[in-house]
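Taking it in order: structure first as C-alpha cells, then the write-up.
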Amino acid sequence: MELFKHNQDIFDKYESMRDTHKNILVIQGTGLGKTAIAIKIIEMYFKNKPILYVVPKISTTPSGFGWELR
C-alpha cells in the first residue's frame, strides 16, 4: 500500500520503534490515515497470520484497500 507522505513519516517512526517498544500508539485526527497505516503494518509484518481488526463505523472492504478479509 502506498502511503501519503505524512503517513509514511509516521510509518517510518513505527518501524524505528517496533524492535524496542512493546506497544506503539498512533494518534492522528479524523480522516488522516490511521487505518491506512494499520493496513500497511499488517501487510508488512503480519501477512498470512490471523488478524482481528475492529473498526466501529467504517467499512474496510477488499475493494476499498486492495486486501482480502478472511
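The values are calculated or read from the model by the stated rules, or taken from the named source; none is laboratory data. Computed from a predicted structure; not experimentally measured. Cβ coordinates were reconstructed from backbone atoms using ideal geometry, including for glycine residues, and neighbour counts include every protein chain displayed. Protein only, heavy atoms only, side chains kept; ligands, DNA and RNA dropped before computing areas. Shrake-Rupley method; radii C 1.70, N 1.55, O 1.52, S 1.80 Å.
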Selection from the stretch 1-10 of residues that are among the charged types (D, E, K, R) and either assigned to a helix (DSSP H, G or I) or at pLDDT 95 or above (or both): 5, 9
Residue check for residue 13: at pLDDT 95 or above and either part of a loop (DSSP other than H, G, I, E, B) or basic (Lys, Arg) (or both): yes
Any hit, the stretch 39-61, residues being open to solvent by less than 90 Å² (accessible area, probe 1.4 Å), at positive phi and either at pLDDT below 90 or in a loop (DSSP other than H, G, I, E, B) (or both): no
Selected residue [loosely packed, with under 13 Cβ neighbours inside 10 Å, in a loop (DSSP other than H, G, I, E, B) and at pLDDT 95 or above] from 20, 30: 20
